[in-house]
Structure formats: structure tokens, C-alpha cells
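First comes the structure, then the notes that go with it.
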Amino acid sequence: MDENAIEARVSVTAVDAVHTVEGVPVASLHSVVSRLRLDYPGEDPVHIETIVLREWEAFSAGRPLVVPTAVEEGAREILDQRTA
């Protein structure tokens, strides 16, 4: 199995909660794949993750709704270099 594949979990935790960002309900990739794996135990976990990623690409049209804060930090480093 892919070392990056997400393992299914039996219980839903606070981390699995759905949040709203700019009016759009969002959840972590891990929690979405985990829930789908529990609901579709006969499906290959890698196939489930592939479907979720494909749906995300179709939904997002290549523009992320959220980004890790480290992305902003990296952008600041690049912008700081240009102004120095």
C-alpha cells in the first residue's frame, strides 16, 4: 500500500469536524478519505483517495480555498528578497 495512504478510523474526532471557510464547508483530506473508507470498505483505499483528489481538482479549478500558513511565510521570504 502507498506509504502516504490514509488509514480508516473507527471514530470521528474533533479534528474530523467540518468547518466553514468563506462560506464553503471544508474538512481535512484525512477525515474525508477516512470516512469514505469506513463507508466503502470493499474499495481500494488508494482508489478512494484518488477519487477524492480528482473531485477536489474539479471543484477547486486549481485555486485553493485554504493554504498552509507556511505558504504565506514562504511567499514573504521571496517578497522580502525582492525588496532587499
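Overview of values
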{"item": "Residues (of a type in the set (Gly, Ala, Ser), farther than 24 Å from Pro68 by Cα and at pLDDT below 85) located in the stretch 2-52", "result": "Ser11"}
{"item": "Search result, residues across the stretch 49-80 that are under 14 Å from Val26 (Cβ atoms), among the hydrophobic types (A, V, I, L, M, F, W, C) and in a helix (DSSP H, G or I)", "result": "Val52, Trp56, Phe59"}
{"item": "Residues being touching a residue at least 12 places away in the same chain (Cβ under 8 Å) and in a helix (DSSP H, G or I) - total across the stretch 23-48", "result": "13"}
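The values are calculated or read from the model by the stated rules, or taken from the named source; none is laboratory data. Everything numeric in this text was worked out from a predicted model, so none of it was measured. Glycine also receives a Cβ, built like all others from the backbone with ideal geometry; neighbour counts cover every protein chain displayed.
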